[in-house]
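Report on the following structure.
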Amino acid sequence: MWLSSFLASPKLTLLPSSSSSSSSPAHPKIQTLLCFTQNPSSTVGINVSKRHLNISILTLLFNGGFLLDKAKSISESRDHLQTYTDSKDGFTLLVPSSWIKVEKAGANVLFEEPDKRSNNIGVVVSPVRINSLQDFGSPQFVADKLINAEKRKESTKEAEVVSVGERSGQGQVYEFEYKIDSTRGGIKRVFSAAFVSSKKLYLLNVVHSDNPENPLDYSTRLLLEQVLHSFDALPLT
C-alpha cells in the first residue's frame, strides 16, 4: 500500500534541523530527515491496479483460448498433410493429401489442387557453385532477387514482399511470403523457401489464389504454412 502510494504520487519532505544557538559550535551539525507521506488518494492507485489486474486476466484467458484454437487448427491441418520424400534429389516436404502430383517441364515435382489447378506446390532443384545461401546473400537480398524476377514477367501487374524469414533445418533455410497481381489468375499469395545443399539450390514455391472476392482463409493459410516450414534437405548419409 505504501509502495503503491509512493509510485502514484510521492510526497518528499526535506526537514532541516533548526538553527543552533550562538553557543553552538561554529559548524553546527545538520540533520536531514526524509519523510514519505502516504497519499490520501492511495485507494485510487489500488483501484487502478485492480482494474489492470482484471484486464490482464481477461487478456490471458483470451490469448490462452486463441492459442488453443490455433494449436487445434494446426493439428487438424496436419491430418490433411502427408510426407513427400525425393531420395534422388535429396529433399522432403509435406503436401496436402488430396493434391495431385503432375508432370511439368522445369519442375522437379509439382502438386496441384484438383478443383483449382492454379493452386500448386512446386520444387525446382538447380546446381550452384556456392555451399550455402549465406554465400549468395542475406534473406532480404534473396527476396529482392525473387520479387524482381517476378516483376520482369509480362503477366505480372504488381508484386510485393510481405515477409522475410530464416530458420534452421539440415542447413539454413530462407523463407519468404509475397503477393502477385497477375493477368494469369489475378492476385496470388506465394510462400517460398530456399536452401543450398551439396552444391544444389532447392527452391519451393507454394502458390494459392488470394482474390478479394475469395480471399485465402485462415485454415488454408495454416496448412500452406505447414508445407512451407516442412521443406528441408534429407540428412546426408
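The values are calculated or read from the model by the stated rules, or taken from the named source; none is laboratory data. Computed from a predicted model, the values in this text were never measured in an experiment. Cβ sites come from the backbone with ideal geometry, for glycine too, and all protein chains shown count toward neighbours. Just the protein is used for accessible areas: all its heavy atoms, side chains included, with ligands, DNA and RNA removed. Shrake-Rupley method; radii C 1.70, N 1.55, O 1.52, S 1.80 Å.
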If you take the beta carbon distance between T85 and E154 as r and set R0 to 45 Å, what does 1/(1 + (r/R0)^6) give as a FRET efficiency, to the nearest 0.05?
0.80
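Multiply the residue separation of S198 and S219 by 0.36 nm, subtract the distance between their alpha-carbon atoms, and state the gained length in nm to one decimal. Write out the running numbers ahead of the final one.
Values: separation 21, 0.36 × 21 = 7.56 nm, distance 3.51 nm.
Going from the current span to full extension adds 4.1 nm.
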For L94, list long-range residues whose amide hydrogen, built 1.01 Å from N in the peptide plane, is under 5 Å from its own amide hydrogen.
Y84, S230, F231
Which whole-Hz couplings ³J(HN,Hα) result when phi for each residue of the stretch 175-188 is put into the Karplus expression 6.51 cos²θ - 1.76 cosθ + 1.60, θ = phi - 60°, listed in order with x for Gly and Pro?
10, 9, 9, 8, 10, 10, 9, 10, 6, 10, x, x, 7, 10
Whose amide H sits under 5 Å from the amide H of Q170, counting only residues 5 or more places off or on another chain, with H placed in the peptide plane?
A233
Straight-line reach from K157: which aspartates and glutamates fall under 20 Å, measuring Cα to Cα and dropping same-chain residues less than 8 apart?
D144, E177, D181, D210, E213
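Pop out the carbon and sulfur fraction of the accessible area of the stretch 64-233 as a percent, whole number, probe 1.4 Å.
Values: 4470 of 9300 Å².
Here carbon and sulfur together make up 48 percent of the probe-accessible area.
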Give me a comma-separated list of calculated 3J(HN,Hα) values for the stretch 164-171, in order, Karplus coefficients 6.51, -1.76, 1.60 applied at θ = phi - 60°, integers in Hz, x for any Gly or Pro.
9, x, 8, 9, 9, x, 5, x
Rg and Dmax [Cα atoms of the stretch 64-233; Å; Rg one decimal, Dmax integer]:
15.9, 49
What are the ³J(HN,Hα) values, in whole Hz, obtained from phi via the Karplus relation 6.51 cos²θ - 1.76 cosθ + 1.60 with θ = phi - 60°, for each residue of the stretch 197-209 in sequence order, with x given for Gly and Pro?
8, 6, 6, 10, 9, 10, 10, 10, 10, 10, 10, 9, 4
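Hey, what's the stretch 64-233 come to in accessible area per residue, 1.4 Å probe, Å²?
On the way: 9300 Å² over 170 residues.
Here the residues of the stretch 64-233 average 55 Å² of exposed surface.
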Residues with amide H under 5 Å of F136's amide H, sequence separation 5 or more or different chain, H placed in the peptide plane at 1.01 Å from N; which?
none
